[in-house]
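The values are calculated or read from the model by the stated rules, or taken from the named source; none is laboratory data. Just so we're clear, the structure is a prediction, and the values are computed from it rather than from any experiment. Cβ placement follows ideal geometry from the backbone for every residue including glycine, while neighbour counts extend to all protein chains displayed. What goes into the accessible areas is simple: the full protein's heavy atoms, side chains included, and nothing from ligands, DNA or RNA. Shrake-Rupley method; radii C 1.70, N 1.55, O 1.52, S 1.80 Å.
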Amino acid sequence: MCHTIKTLFFDFGVNPTVYELDQIPGGREIEQALARHGVAGHGVAGDFPVVFIGGNLVGGANEIMTLHLNGSLSAMLKRAGALWL
(Lines give C-alpha, C1' and ligand atoms only; values in the text may rest on other atoms or scores of the structure.)
Protein backbone atom coordinates (compact mmCIF):
# COMPACT_ATOMS: atom_id res chain seq x y z
CA MET A 1 0.00 0.00 0.00
CA CYS A 2 1.41 3.40 -0.83
CA HIS A 3 2.86 5.50 1.95
CA THR A 4 0.23 8.24 1.58
CA ILE A 5 -2.71 5.88 2.04
CA LYS A 6 -1.05 4.06 4.95
CA THR A 7 -0.35 7.39 6.63
CA LEU A 8 -3.94 8.54 6.10
CA PHE A 9 -5.33 5.39 7.71
CA PHE A 10 -2.85 5.56 10.60
CA ASP A 11 -3.80 9.23 11.15
CA PHE A 12 -7.42 8.10 11.47
CA GLY A 13 -6.31 5.57 14.07
CA VAL A 14 -7.02 2.66 11.74
CA ASN A 15 -4.65 -0.29 11.71
CA PRO A 16 -5.03 -1.65 8.17
CA THR A 17 -4.11 -5.14 7.09
CA VAL A 18 -1.61 -4.63 4.30
CA TYR A 19 -0.49 -7.19 1.76
CA GLU A 20 2.55 -6.00 -0.19
CA LEU A 21 2.08 -8.14 -3.27
CA ASP A 22 5.58 -7.49 -4.53
CA GLN A 23 7.01 -8.83 -1.26
CA ILE A 24 5.01 -12.00 -0.59
CA PRO A 25 5.09 -15.43 -2.18
CA GLY A 26 2.25 -15.70 -4.66
CA GLY A 27 1.84 -11.94 -4.88
CA ARG A 28 1.95 -11.92 -8.66
CA GLU A 29 -0.80 -14.54 -8.78
CA ILE A 30 -2.93 -12.48 -6.38
CA GLU A 31 -2.43 -9.43 -8.58
CA GLN A 32 -3.50 -11.44 -11.64
CA ALA A 33 -6.56 -12.77 -9.79
CA LEU A 34 -7.58 -9.23 -8.83
CA ALA A 35 -7.32 -8.23 -12.48
CA ARG A 36 -9.43 -11.25 -13.54
CA HIS A 37 -12.09 -10.24 -11.03
CA GLY A 38 -12.48 -6.80 -12.51
CA VAL A 39 -10.37 -4.64 -10.24
CA ALA A 40 -9.28 -2.64 -13.28
CA GLY A 41 -12.94 -2.06 -14.10
CA HIS A 42 -13.51 -0.23 -10.79
CA GLY A 43 -11.51 2.86 -11.65
CA VAL A 44 -8.18 1.69 -10.34
CA ALA A 45 -6.88 0.70 -13.78
CA GLY A 46 -4.73 -2.07 -12.34
CA ASP A 47 -2.90 0.37 -10.11
CA PHE A 48 -1.97 -0.47 -6.58
CA PRO A 49 -2.82 0.06 -3.82
CA VAL A 50 -6.17 -1.60 -4.18
CA VAL A 51 -8.13 -0.80 -1.03
CA PHE A 52 -10.91 -2.89 0.47
CA ILE A 53 -12.89 -1.56 3.44
CA GLY A 54 -15.16 -3.95 5.26
CA GLY A 55 -14.55 -6.55 2.59
CA ASN A 56 -15.73 -4.24 -0.19
CA LEU A 57 -13.55 -2.96 -2.99
CA VAL A 58 -13.24 0.81 -2.67
CA GLY A 59 -10.60 1.46 -5.30
CA GLY A 60 -7.15 2.94 -5.49
CA ALA A 61 -5.42 5.93 -3.99
CA ASN A 62 -7.47 8.43 -6.00
CA GLU A 63 -10.75 6.97 -4.76
CA ILE A 64 -9.55 6.92 -1.15
CA MET A 65 -8.37 10.53 -1.32
CA THR A 66 -11.66 11.61 -2.94
CA LEU A 67 -13.63 9.91 -0.14
CA HIS A 68 -11.40 11.60 2.42
CA LEU A 69 -11.75 15.05 0.88
CA ASN A 70 -15.54 14.80 0.57
CA GLY A 71 -15.83 13.60 4.17
CA SER A 72 -17.22 10.14 3.54
CA LEU A 73 -14.12 8.03 4.29
CA SER A 74 -14.54 8.37 8.05
CA ALA A 75 -18.16 7.20 7.90
CA MET A 76 -17.18 4.26 5.69
CA LEU A 77 -14.47 3.23 8.16
CA LYS A 78 -16.95 3.51 11.05
CA ARG A 79 -19.53 1.34 9.27
CA ALA A 80 -16.84 -1.28 8.67
CA GLY A 81 -15.90 -1.29 12.35
CA ALA A 82 -12.39 -0.04 11.60
CA LEU A 83 -12.89 3.30 13.34
CA TRP A 84 -14.53 3.70 16.72
CA LEU A 85 -14.79 7.46 17.15
Close pairs (9 angstrom Cβ cut-off, 6 or more residues apart or separate chains): closer than 13 Å to Phe9 by Cα in segment 62-85, open to solvent by 80 Å² or more (accessible area, probe 1.4 Å) and assigned to a loop (DSSP other than H, G, I, E, B) anywhere = Ser74/Leu85; Lys78/Trp84; Lys78/Leu85; Ala82/Asn15
Matching residues, segment 22-70, being closer than 16 Å to Cys2 by Cβ, open to solvent by less than 40 Å² (accessible area, probe 1.4 Å), at pLDDT 85 or above and not in a strand (DSSP E or B) = Gly27, Val50, Gly60, Ala61, Ile64, Leu67
